[in-house]
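Asker: Pasting in a structure now, in structure tokens, and then I'll have a few things to ask.
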Amino acid sequence: MNRVRSVDEWVVLLSTSSGPEQEEAQEWLGDALGAEDDLLRERTAQFLLDAMARPGAAVGPILSVLQLAWWPPPARLADASVRAVTAALTGLEAGHPAVEDAALVLANVCRVAPAQLAAVPLLPRLVPLLKAEEDVAGAALESLGALASLAPEVATPALLEEARTAEGTRLYLALTSLRSLVEDARRKGGALPALPGLHEAMRRALEASEPAIRVEALSLLGLTGPASPAVQEAVAGHLQDANPSVAACAAVALLRLGAPAQPALSLLQTQLSSVDAPELRGAALSALEEVEPATLGQAKGMLRTVVDTSSGPTRDAVKVLLDALG
């Protein structure tokens with residue numbers, strides 16, 4: 001009868017073997033990391049993190065199994081995860097496949113324990129990967145965005161370059177990451193990250209065929225004002241966008257940019273009052289629910305009118321917005 005291996009033995013096998021034995025270890029450890037038994041999951045992760053610090057450890061397979069199977073990582077292991085992964089990275093070249101796995105592991109840790117991260121040494125290693133083949137570059141971009149708030153001065157230029165040149169999903173990821181950086185700075189009352197040439201880059205994004213990209217471009221422009229009359233005009237042009245969410249985001253962006261408010265308020269009121277078009281009402285409510293009180297105050301009169309002339313769930317939702325303004 002074969003002896004049952006311990007967690008530590010499987011970890012050693014993963015680090016020191018190759019071929020079928022390593023694949024068997026990776027499968028067993030992956031199952032352990034995803035087990036319902038919290039103690040087994042945590043012990044397995046701790047053994048893997050400790051193993052990366054051993055002299056001569058094969059960090060690639062360890063990072064691979066953590067990236068593939070460890071979700072969600074417990075917050076109490078966040079510090080240990082960051083220390084182990086960043087220490088392992090010191091011996092890797094920027095283009096090593098394990099860098100991508102390390103980025104994804106830290107991105108997952110960031111999602112559960114952002115306040116505990118100190119992954120700044122990783123960020124410069126991610127930037128060169130943006131020029132790698134598509135699957136690697138996409139993963140690097142997602143991880144760079146997740147960790148960007150740790151070192152905006154490193155991440156922002158790379159994300160802005162992606163916004164200038166990328167298409168499709170990569171453009172969307174770059175825009176959402178930049179928006180998150182700006183929102184984080186605004187929330188903390190700090191200076192916004194420097195975004196040279198942003199307005200010109202957003203002109204291209206505003207012409208994208210994907211509505212989600214146009215939404216992100218408009219949201220980012222609204223958060224980074226003031227804007228020139230030409231940019232305000234480009235934003236205002238999307239009040240007539242065929243997609244209601246894009247049109248509503250254009251209206252909110254104009255309010256944030258300090259443009260003449262009436263066209264934006266008229267669009268939002270029309271959407272909120274569209275009795276037979278729930279997609280219009282939903283688009284306006286989604287856009288307004290994200291607006292800070294200082295900007296939403298410009299819509300106070302319009303919101304009162306909607307409350308007075310509507311009924312049902314829409315009236316209730318608008319009344320919540322209005323009550324929040326006092």
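The values are calculated or read from the model by the stated rules, or taken from the named source; none is laboratory data. Every value quoted in this text rests on a predicted model; they were computed, and no experiment measured them. Every residue, glycine among them, receives a Cβ derived from its backbone with ideal geometry; neighbour counts consider all protein chains shown. In case anyone asks, the SASA skips ligands and DNA or RNA and just uses the protein heavy atoms, side chains included. Shrake-Rupley method; radii C 1.70, N 1.55, O 1.52, S 1.80 Å.
Asker: Please count how many residues of the stretch 16-35 are touching a residue at least 40 places away in the same chain (Cβ under 8 Å) and over 32 Å from the mean Cα position of the chain (by Cα).
Answerer: Of the residues in the stretch 16-35, 1 are touching a residue at least 40 places away in the same chain (Cβ under 8 Å) and over 32 Å from the mean Cα position of the chain (by Cα).
Asker: Within the stretch 248-259, does at least one residue satisfy the condition of being modelled with pLDDT under 95 and among the β-branched types (Val, Ile, Thr)?
Answerer: no
Asker: Would you mind finding the one in 208, 227, 247, 242 that is under 21 Å from residue 269 (Cα atoms) and assigned to a loop (DSSP other than H, G, I, E, B)?
Answerer: Being under 21 Å from residue 269 (Cα atoms) and assigned to a loop (DSSP other than H, G, I, E, B) holds for just one of 208, 227, 247, 242, which is 242.
Asker: Regarding the stretch 305-315, can at least one residue be identified that is under 27 Å from the mean Cα position of the chain (by Cα) and modelled with pLDDT under 95?
Answerer: No, the stretch 305-315 contains no residue that is under 27 Å from the mean Cα position of the chain (by Cα) and modelled with pLDDT under 95.
Asker: Is it the case that residue 204 is in contact with a Cys (Cβ under 9 Å, 6 or more places away or on another chain) and among the basic types (Lys, Arg)?
Answerer: no
Asker: Further, regarding this structure: Determine whether residue 55 is farther than 20 Å from residue 112 by Cβ and surrounded by fewer than 20 Cβ atoms within 10 Å (Cβ to Cβ).
Answerer: yes
Asker: Something else about it: What number of residues in the stretch 180-203 are in a helix (DSSP H, G or I) and either open to solvent by 50 Å² or more (accessible area, probe 1.4 Å) or not charged (D, E, K, R) (or both)?
Answerer: So the answer is 14.
Asker: Which ones in the stretch 129-175 are assigned to a helix (DSSP H, G or I), open to solvent by 20 Å² or more (accessible area, probe 1.4 Å) and in contact with a Gly (Cβ under 9 Å, 6 or more places away or on another chain)?
Answerer: Across the stretch 129-175, the qualifying residues are 136, 164, 169, 170, 173.
Asker: Could you please let me know if residue 231 is touching a residue at least 40 places away in the same chain (Cβ under 8 Å) and out of contact with any Asp or Glu (no Cβ under 6 Å at 6 or more places or on another chain)?
Answerer: In short, no.
Asker: In the stretch 229-276, how many are crowded, with 16+ Cβ neighbours inside 10 Å, closer than 23 Å to residue 208 by Cα and among the small types (Gly, Ala, Ser)?
Answerer: Final tally of qualifying residues: 9.
Asker: Within the stretch 58-93, which residues are open to solvent by less than 50 Å² (accessible area, probe 1.4 Å), part of a helix (DSSP H, G or I) and either in contact with a strand residue (DSSP E or B) (Cβ under 8 Å, 6 or more places away or on another chain) or not hydrophobic (A, V, I, L, M, F, W, C) (or both)?
Answerer: Listed by number, the residues that qualify are 60, 61, 64, 67, 81, 86.
Asker: I want to confirm something. Restricting to the stretch 1-50 and keeping residues that are among the basic types (Lys, Arg) and part of a loop (DSSP other than H, G, I, E, B), which single residue is most open to solvent (accessible area, probe 1.4 Å)?
Answerer: 3
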